[in-house]
Structure formats: structure tokens, C-alpha cells
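To keep things clear, I will list the structure first and then write my remarks on it.
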């Protein structure tokens with residue numbers, strides 16, 4: 001039985017938090033509600049310098065452990081290292097990887113660049129725009145990722 | 001304890017360091033090129049294996065020696081290792097990582113590139129082995145420091 005879900009993406013921006021709230025919220029929230037919650041979580045975790053970030057305080061978590069894996073662009077290398085490190089320490093966890101790079105469109109990438117350039121407000125504006133596109137896409141397509149959470153709903 | 005010698009692709013410098021640690025290469029002299037070419041896994045790993053730590057052997061004290069290619073992502077991979085260990089309460093001092101890539105010279109880089117990237121295995125392997133032979137004392141020093149620290 002899957003115990004852990006790991007969302008992996010290029011960089012730590014608002015995307016994984018937005019996706020997490022969007023996918024896991026029990027009620028159908030408006031875009032602003034999802035974005036506000038995601039932004040709150042992002043501001044809490046954005047200073048963490050970790051590659052594997054444990055999300056412990058997400059209240060909608062139905063007993064699953066949630067992690068973000070901030071792997072950068074060389075996806076295969078980091079995912080391989082992760083898999084084999086678990087093996088190295090004989091850690092036998094049943095986990096599922098969800099690739100968020102599918103949603104990392106140019107708005108998110110540009111938002112990252114603007115944030116690094118110190119233009120935080122502009123970065124947040126771009127991120128909000130990117131999130132709204134993701135929200136529309138998700139609601140229209142009614143796409144649900146293949147994770148056990150939804151089997152129990 | 002686990003010792004991970006790492007470099008770019010786990011083909012040359014990390015493998016050489018691990019071989020020295022385990023006594024497959026001499027510590028009292030510079031080996032011949034043939035001896036370097038014969039060590040297990042020398043210039044054998046493929047690009048697809050970068051990221052995978054592979055077990056090379058255990059030393060006389062029971063420490064497990066690994067080689068790992070980090071593909072230029074040393075900072076990310078080492079932080080990931082630290083995060084995994086922190087998450088599962090594995091003591092940090094139970095693993096040490098050693099960067100073998102810092103000791104390589106231009107010949108090893110050229111040889112590695114020729115062999116691993118361009119597929120010119122014979123000349124690449126020879127040049128890499130020659131480069132490692134020239135810089136052998138640096139690797140000896142690194143390995144002896146590691147052995148002292150873990151004893």
C-alpha cells in the first residue's frame with residue numbers, strides 16, 4: 001500500500017504547494033482560496049534549503065506522508081540517487097512519484113528568474129498567472145492523478 | 001560506516017580512490033598503467049548509471065566502500081543524502097562522502113570525455129589512466145586521510 005507521495009519538480013516555487021492544495025482539498029475551492037492557501041504554505045517553506053522537503057502540517061493529508069523533491073533539471077540523476085539511497089539504508093517504503101515538471105510552464109520559469117533577480121512582486125504576479133492557468137486546466141480536464149487518496153474518496 | 005567516493009561519472013577518479021582504499025592498488029609506489037586499467041569498473045560506467053551509488057567492497061574494518069557519479073550535481077545529491085538520513089534518523093556520521101574529482105588533472109578529463117562521451121574507448125581509457133598515474137600521489141593522500149578519519 002502506498003504510504004508516501006513525492007511530488008518532484010525543478011525548483012521550489014509556489015507550484016508544488018498550489019498543486020498539493022488543488023489536488024488534495026476535499027471541497028472544490030475557488031482559485032483565490034487555493035492560491036491563498038498555497039502562498040501561505042510557500043512562504044513558510046520557501047527558505048528551506050533542502051532537496052527533500054517533508055510537508056507535515058497539511059491538514060487535508062489523509063495519513064499519507066507527503067514530500068517535495070526539488071531535483072533541478074537533471075531529473076534522472078537525482079531520482080536515481082534518491083531510489084538507491086533508500087536501498088542503501090534498507091528503507092523499504094512504498095512510495096509514488098508525481099512529476100510536476102509537466103506543469104512547469106514558462107510563467108513559472110520566468111517567475112523563478114524574476115525571484116532570483118530580486119523582483120519578488122513581479123515574480124509573484126507571474127506565479128499567480130501560472131497558477132490560474134493550471135487551475136483552469138485542472139478544472140476543465142477534471143484530471144486526477146493516479147494516487148490512492150482518490151480511491152478512498 | 002559507509003564511504004562514498006564520488007566524481008562525475010563514477011568511471012575514473014572515484015573508482016581509483018576506492019581501489020586504493022581497498023588495497024587493489026599499491027600504497028607504497030605508483031602503479032603501472034596496466035594495473036590501473038585492470039581495476040574493476042575502471043572506465044566502465046555509462047551515462048545512464050550516473051547518480052547510482054554502487055558497492056565496491058568492504059575494507060578490513062568492515063567499512064562499506066561505494067562509488068557514485070554525481071553528474072556535476074554534487075551539492076544537490078549530497079543535500080539529498082543528508083535529507084534522507086535526517087528523515088529516517090540515520091546518524092550523519094555513519095556516511096562520509098569524498099570528492100575524488102577535485103584531484104583529477106586535464107588528462108583524466110580529456111580521457112574520460114573521449115571514452116565516455118565520444119565512444120573512443122581505447123585512446124580515452126589510456127589517456128585517463130595515464131592522467132591518474134601522474135596524479136596518483138594526490139589520491140593516495142586523500143585516501144589515507146579518509147582512512148585515518150574513519151579509524
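The values are calculated or read from the model by the stated rules, or taken from the named source; none is laboratory data. Because the structure is predicted, anything quoted here is derived from the model rather than measured. Note that we place each Cβ from the backbone using ideal geometry, even for glycine, and neighbour counts take in every protein chain shown.
Look through B:18, B:10 and report the one residue that is away from every other protein chain (no Cβ under 12 Å), touching a residue at least 24 places away in the same chain (Cβ under 8 Å), within 10 Å of the chain's Cα centre (by Cα) and buried (at least 16 other Cβ atoms within 10 Å of the Cβ).
B:18
So which residues in region B:52-80 are at the interface with chain A (Cβ under 8 Å from one of its Cβ atoms) and over 15 Å from residue A:80 (Cβ atoms), if there are any at all?
B:79, the sole residue that qualifies.
From the list B:51, B:75, B:62, B:86, pick out the single residue that is under 23 Å from residue A:51 (Cβ atoms) and in a loop (DSSP other than H, G, I, E, B).
B:51
I'd like to check which strands (runs of 3 or more DSSP E) are fully inside region A:1-105 and have at least 3 residues that are without any contact (Cβ under 8 Å) to a residue 60 or more places away in the chain.
A:52-55
Residue under question is residue B:35, and the condition is that it be at pLDDT below 95, more than 14 Å from every other protein chain (Cβ to nearest Cβ) and at negative phi; does it hold?
Criteria not met by residue B:35.
Please go through region B:98-125 and pick out each residue that is in a helix (DSSP H, G or I) and surrounded by fewer than 17 Cβ atoms within 10 Å (Cβ to Cβ).
Of everything in region B:98-125, those that are in a helix (DSSP H, G or I) and surrounded by fewer than 17 Cβ atoms within 10 Å (Cβ to Cβ) turn out to be B:102, B:106, B:110, B:113, B:117, B:121, B:122, B:123.
With the checklist (1) within 15 Å of the chain's Cα centre (by Cα); (2) under 30 Å from residue B:69 (Cβ atoms); (3) surrounded by fewer than 18 Cβ atoms within 10 Å (Cβ to Cβ); (4) within 14 Å of chain B (Cβ to nearest Cβ) in hand, flag the one item residue A:68 doesn't pass.
Failed condition: (3).
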